[in-house]
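Heads up, the thing below is written out as structure tokens.
The values are calculated or read from the model by the stated rules, or taken from the named source; none is laboratory data. What you are looking at is a predicted structure, and each value in this text was computed from that prediction instead of being measured. No Cβ is skipped: glycine too gets one built from the backbone with ideal geometry, and neighbour counts run over all protein chains shown. For accessibility, only protein heavy atoms count, side chains too; no ligands or nucleic acids. Shrake-Rupley method; radii C 1.70, N 1.55, O 1.52, S 1.80 Å.
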Amino acid sequence: MPSTAIQSMTNKRLSVKVQVVATIAAIVGAVAVPQIFHLLGAVSGLGTALGETFLPMHLPIILVGLLAGPYAGAVAGLFGPLVSFMISGMPGIAMLPFMMIELCAYGLCSGLLRNVKMPTIAKVVITQFAGRAVRAIAILLAVYVLGNESVSVATIWMSAVTGIFGLALQWAFIPLAVYRVENLKKNEK
């Protein structure tokens with residue numbers, strides 16, 4: 001990434017062009033990174049379990065929110081799973097709307113926390129709780145209000161347990177990535 005783009009991404013107010021580029025990059029990441037995990041899962045015989053465990057689609061969405069703000073985060077979160085589904089068929093059709101809602105919440109929440117003075121790890125944890133809460137509410141509404149039978153309420157608990165390694169990956173990777181981008185900005189001045 002050119003140094004001026006990195007500097008632009010860490011400024012308080014970003015141009016529309018930078019936000020659009022960041023959004024597109026996050027959508028590409030939300031499609032490409034899970035494919036690596038699915039490929040590794042196929043080679044190892046684990047299937048989609050690696051994706052469900054390490055939550056690779058969440059990484060670029062939370063990261064773009066923290067770096068480019070709530071608009072870029074929310075749009076990337078909403079369209080990342082949809083583009084991935086259109087290209088690869090993943091996530092499955094039954095979970096697609098819930099992934100779109102959850103990742104939109106991740107991108108929006110992390111973007112709203114972008115300029116808040118707190119450690120990045122705290123922003124990531126708050127974002128994780130918000131996204132999972134929004135997803136749980138969406139699933140509960142789908143099952144109990146809309147009568148959706150293609151998804152189970154047990155999915156809420158199962159995804160929380162299965163994704164613990166993914167949450168830990170986010171705790172390790174995202175603060176390091178944000179720190180790196182912020183240091184590049186400081187070194188350019």
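Identify all residues within region 76-115 that are outside any helix (DSSP H, G or I) and under 23 Å from ASN148 (Cβ atoms); write none if there are none.
Here is the first cut: in region 76-115, the residues outside any helix (DSSP H, G or I) are 89-95, 113-115.
If the condition is that a residue be outside any helix (DSSP H, G or I) and under 23 Å from ASN148 (Cβ atoms), then GLY89, MET90, PRO91, GLY92, ILE93, ALA94, MET95 are the ones that fit.
Of the helices (runs of 4 or more DSSP H) that lie entirely inside region 14-75, those containing 3 or more residues that are at pLDDT 95 or above span 16-44, 58-68.
GLU182 - would you say it is charged (D, E, K, R) and at pLDDT 95 or above?
Working: charged (D, E, K, R): yes; at pLDDT 95 or above: no.
Here the answer is no, as GLU182 does not meet what is asked.
Residues in region 36-59 that are open to solvent by 40 Å² or more (accessible area, probe 1.4 Å) and among the β-branched types (Val, Ile, Thr): ILE36, VAL43, THR48.
Residues in region 88-144 that are farther than 22 Å from LEU169 by Cα, open to solvent by less than 20 Å² (accessible area, probe 1.4 Å) and not small (Gly, Ala, Ser): LEU96, ILE139.
Check whether at least one residue in region 131-150 is closer than 18 Å to GLY29 by Cβ, assigned to a helix (DSSP H, G or I) and in contact (Cβ under 8 Å) with a residue 40 or more places away in the chain, and report yes or no. Give the derivation first.
Of the residues in region 131-150, the ones closer than 18 Å to GLY29 by Cβ are 131.
In the following step, the residues that additionally are assigned to a helix (DSSP H, G or I) were identified as 131.
In the following step, the residues that additionally are in contact (Cβ under 8 Å) with a residue 40 or more places away in the chain were identified as 131.
Yes, region 131-150 has at least one match.
Each residue in region 151-163 was checked for being touching a residue at least 12 places away in the same chain (Cβ under 8 Å) and either open to solvent by 70 Å² or more (accessible area, probe 1.4 Å) or part of a helix (DSSP H, G or I) (or both), and 5 of them qualify.
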